[in-house]
Amino acid sequence: AQRVTQPEKLLSVFKGAPVELKCNYSYSGSPELFWYVQYSRQRLQLLLRHISRESIKGFTADLNKGETSFHLKKPFAQEEDSAMYYCALSKGGYNKLIFGAGTRLAVHP
Amino acid sequence: EAGVAQSPRYKIIEKRQSVAFWCNPISGHATLYWYQQILGQGPKLLIQFQNNGVVDDSQLPKDRFSAERLKGVDSTLKIQPAKLEDSAVYLCASSQDPYEQYFGPGTRLTVT
């Protein structure tokens, strides 16, 4: 069965500190991995996807098939990064997203 | 472009009552999804439409939930009768690109 695990419910850091939000998945095929973010009082929105191999708002994520992980990283956290972050998996195409439970990132001044 | 629209934003009902939610996707988006998000969990797909056809409804509790997308544009999701465990945020999303889904603001349902 496909599953996404985000082991931390809350990650609390100070501004300027590095951030790593963990995501592990289980899937027998070749999944597509995404990070979605929800800022306070805003809609859930795509942050980045592994196929793009891009950096968005300073965040990067590398797919590690050996460890079945897709951790989200940022070298220097900003207060505006405070939000709920969801890791999600898709079998590809227009298939549904399977979400993890989410990690709340709180960046303190 | 206008985003995905949902109504109502909030709804409180008693158990065993019925409720309906409405979603209008982004214009031109053929794929529409309904997700249920229970407090403390990530969204879970209930049903997926491609135009007006159902692609995936494997996790839809069909004894009480129903959904339709007439004319392949807007969609309604209905619960009848509601149970306490249906309390959740119901999210609608649409896409035209398989690599990005656009979410609406959600409808928060409380069943008492």
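The values are calculated or read from the model by the stated rules, or taken from the named source; none is laboratory data. Since the structure is predicted, the reported quantities are computational estimates derived from the model, not experimental observations. Cβ atoms come from the backbone with ideal geometry, glycine included; neighbour counts cover every protein chain shown. Note: areas computed on protein heavy atoms with side chains; ligands, DNA, RNA excluded. Shrake-Rupley method; radii C 1.70, N 1.55, O 1.52, S 1.80 Å.
Conditions tested, residue by residue: (1) under 16 Å from the mean Cα position of the chain (by Cα); (2) modelled with pLDDT of 95 or more.
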| site | (1), (2) |
| --- | --- |
| A:Trp35 | yes, yes |
| A:Arg41 | no, no |
| A:Glu54 | yes, no |
| A:Gly58 | yes, no |
| A:Ala77 | yes, yes |
| A:Ser82 | yes, yes |
| A:Ser90 | yes, no |
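When region B:99-112 is filtered for residues that are over 11 Å from the mean Cα position of the chain (by Cα), touching a residue at least 60 places away in the same chain (Cβ under 8 Å) and under 13 Å from B:His29 (Cα atoms), the ones remaining, listed by number, are B:Gln101, B:Tyr102. Listed conditions (1) β-branched (Val, Ile, Thr); (2) within 13 Å of chain B (Cβ to nearest Cβ); (3) touching a helix residue (DSSP H, G or I) at 6+ places or on another chain (Cβ under 9 Å) are all met by A:Ile56, apart from (3).
Checking each residue in region A:21-39 for being surrounded by fewer than 12 Cβ atoms within 10 Å (Cβ to Cβ) and touching a residue at least 12 places away in the same chain (Cβ under 8 Å) picks out A:Gly29, A:Ser30.
Of all the listed residues (B:Gln36, B:Gln41), the sole one being over 13 Å from the mean Cα position of the chain (by Cα) and at pLDDT 95 or above is B:Gln41.
Where strands (runs of 3 or more DSSP E) fall wholly inside region B:27-106, the ranges with 1 or more residues that are open to solvent by 70 Å² or more (accessible area, probe 1.4 Å) and more than 11 Å from chain A (Cβ to nearest Cβ) are B:53-56, B:65-68, B:75-79.
Looking at the structure I just gave you, is B:Gly72 over 18 Å from B:Arg108 (Cα atoms) and without any contact (Cβ under 8 Å) to a residue 12 or more places away in the chain? Break it down stepwise before answering.
Details: over 18 Å from B:Arg108 (Cα atoms): yes; without any contact (Cβ under 8 Å) to a residue 12 or more places away in the chain: no.
Spelling it out, it is not the case that B:Gly72 is over 18 Å from B:Arg108 (Cα atoms) and without any contact (Cβ under 8 Å) to a residue 12 or more places away in the chain.
Do the conditions hold for A:Asn95, that is, is it within 14 Å of chain B (Cβ to nearest Cβ) and either over 24 Å from B:Tyr35 (Cα atoms) or modelled with pLDDT under 95 (or both)? Answer is yes for this residue. Selection of region B:2-25 for residues being over 12 Å from B:Thr112 (Cβ atoms), in contact with a Phe, Trp or Tyr (Cβ under 9 Å, 6 or more places away or on another chain) and not β-branched (Val, Ile, Thr) yields B:Gly3, B:Ala5, B:Gln6, B:Ser7, B:Pro8, B:Phe21, B:Cys23, B:Pro25. Scan region B:22-55 for residues that are closer than 22 Å to A:Gly102 by Cβ and without any contact (Cβ under 8 Å) to a residue 24 or more places away in the chain and jot them down. B:Gly40, B:Gln41, B:Gly42, B:Lys44, B:Leu45, B:Gln48 - these are the residues of region B:22-55 that are closer than 22 Å to A:Gly102 by Cβ and without any contact (Cβ under 8 Å) to a residue 24 or more places away in the chain.
Please tell me if B:Ala88 is within 12 Å of the chain's Cα centre (by Cα), closer than 30 Å to A:Leu10 by Cβ and modelled with pLDDT of 95 or more. I'd like the intermediate steps shown before the answer.
Values: within 12 Å of the chain's Cα centre (by Cα): yes; closer than 30 Å to A:Leu10 by Cβ: yes; modelled with pLDDT of 95 or more: yes.
In short, yes.
When the residues of region A:98-109 are filtered to those that are among the hydrophobic types (A, V, I, L, M, F, W, C) and under 21 Å from A:Arg3 (Cβ atoms), the one that is nearest to the other protein chains (Cβ to nearest Cβ) is A:Phe99. In a residue-by-residue description of region A:40-52, the property of being closer than 17 Å to A:Cys23 by Cβ and exposed (fewer than 15 other Cβ atoms within 10 Å of the Cβ) applies to at least one position.
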